[in-house]
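The values are calculated or read from the model by the stated rules, or taken from the named source; none is laboratory data. Keep in mind it's a predicted model, so treat the numbers as computed, not measured. Note: ideal-geometry Cβ built from the backbone for every residue, glycine included; neighbour counts use all protein chains shown. To get the accessible areas, we keep the full protein, side chains included, count just its heavy atoms, and leave off ligands, DNA and RNA. Shrake-Rupley method; radii C 1.70, N 1.55, O 1.52, S 1.80 Å.
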Amino acid sequence: MNLGGEAHIDLLLFEVGGQKYAAHAEQVRRVDRATADAFERRSLGPLRDGQRALVFECAEGEAQLRVDAVHGFRRVAVDQLRRMPASAQADACAVGLWLSDEQPLVLVDLMETRKGRHGSDAT
Amino acid sequence: MTPLQRALAEAPERAPAPPAVPKQEFFSFRLGELAVGVPSIDVREVVRVGWVTPLPRTPAWILGVFGLRGEVLPVLDLLRFLGKGESRLTDRTRVFVGVAGSHAAAVVTDGVLGLREVKEADIVAAPVGGDAVNEHVRGVVPARGVHQEALVLLHFSKLLQVARQRAVTR
């Protein structure tokens with residue numbers, strides 16, 4: 001999205017295990033109560049209650065990532081986004097960072113949470 | 001030509017320069033109980049660490065990332081990397097931004113000691129032993145009395161490359 005010559009992107013902020021994350025809002029079909037089909041991405045941290053889910057489209061139809069809380073949307077300038085430093089070698093689902101005012105926030109690719117490098121991680 | 005004139009004709013224009021003593025400047029810092037030095041050319045700046053964001057599934061020696069003027073830097077715990085313990089981050093912790101080629105990382109210190117010029121001749125080889133740390137030690141500057149403690153000199157750019165390779169191949 002381009003507002004006044006400056007590119008922007010909408011992020012959905014969520015929380016897992018007390019840690020805040022962000023996902024591209026366009027990936028999220030809806031936020032819902034987690035059902036039995038919802039999966040957990042353990043590398044994001046230990047869930048506290050995991051009653052919410054980010055529902056997104058995947059090859060099998062829909063997938064639900066369990067999260068503890070959803071903190072709403074934020075429109076941010078693309079120039080505040082950074083790729084994940086290669087030397088950090090974080091989990092494949094952590095694709096970048098948003099340099100928010102407080103601290104860098106990890107950007108999560110929801111599709112990658114289904115795959116991951118470590119097959120047993122998504123349960 | 002008088003003897004004096006002959007002597008003056010052979011006299012040098014200025015006092016001869018003293019022979020050059022090869023020396024190098026090291027950025028020195030405290031790491032646990034050790035005083036450690038890395039070539040100052042590998043150090044970009046020293047800052048107080050901001051809020052460190054932990055990352056999912058990074059190696060134990062990567063504590064997370066923090067933003068420094070729009071740049072995202074991984075935060076490296078050398079103690080963990082060298083298997084010598086672990087650093088604790090507080091709001092008083094200082095990190096130095098080390099560079100190796102196009103890679104930069106913030107390295108946690110337990111205190112900054114400053115810059116120290118070291119003569120090449122004063123560097124002795126690291127003691128031979130099974131310690132994995134020795135792989136990254138370029139040499140040691142022995143202590144001189146009680147006022148100057150021993151300084152362990154690291155091959156910093158190599159260390160950073162190895163840390164990166166270990167992370168990639170993990």
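For the stretch B:49-67, indicate whether the set of residues that are among the polar types (S, T, N, Q) and in contact (Cβ under 8 Å) with a residue 12 or more places away in the chain is non-empty.
Yes, that holds for at least one residue.
Of all residues in the stretch A:69-90, how many are open to solvent by 20 Å² or more (accessible area, probe 1.4 Å) and away from every other protein chain (no Cβ under 12 Å)?
The total comes to 8.
Restricting attention to the stretch B:43-80, which residues are more than 7 Å from chain A (Cβ to nearest Cβ), more than 20 Å from A:SER100 (Cβ to Cβ) and assigned to a strand (DSSP E or B)?
B:VAL43, B:ARG44, B:GLU45, B:VAL46, B:LEU76
When you go through B:LEU160, B:LEU153 one by one, which is the residue that is assigned to a helix (DSSP H, G or I) and buried (at least 19 other Cβ atoms within 10 Å of the Cβ)?
Result: B:LEU160 is the single residue among B:LEU160, B:LEU153 that is assigned to a helix (DSSP H, G or I) and buried (at least 19 other Cβ atoms within 10 Å of the Cβ).
Scan the stretch A:47-56 and give yes if some residue there is open to solvent by less than 20 Å² (accessible area, probe 1.4 Å), under 19 Å from A:ALA94 (Cα atoms) and in contact (Cβ under 8 Å) with a residue 60 or more places away in the chain, otherwise no.
Scanning the stretch A:47-56, I find no residue that is open to solvent by less than 20 Å² (accessible area, probe 1.4 Å), under 19 Å from A:ALA94 (Cα atoms) and in contact (Cβ under 8 Å) with a residue 60 or more places away in the chain, so the answer is no.
Can you report the number of residues in the stretch B:6-26 which are open to solvent by 100 Å² or more (accessible area, probe 1.4 Å) and in a helix (DSSP H, G or I)?
3
So, A:ARG66, is that one within 14 Å of chain B (Cβ to nearest Cβ) and within 16 Å of A:ASP109 (Cα to Cα) or not?
Here the answer is no, as A:ARG66 does not meet what is asked.
Going by what's in this entry, would A:ARG114 be described as away from chain B (no Cβ under 14 Å), more than 30 Å from B:ARG166 (Cα to Cα) and in contact (Cβ under 8 Å) with a residue 24 or more places away in the chain?
no
Report the residue count in the stretch B:74-118 for those that are free of Cβ contacts under 8 Å to residues at least 12 places away in the same chain and surrounded by 17 or more Cβ atoms within 10 Å (Cβ to Cβ).
Summing the residues that are free of Cβ contacts under 8 Å to residues at least 12 places away in the same chain and surrounded by 17 or more Cβ atoms within 10 Å (Cβ to Cβ) in the stretch B:74-118 gives 0.
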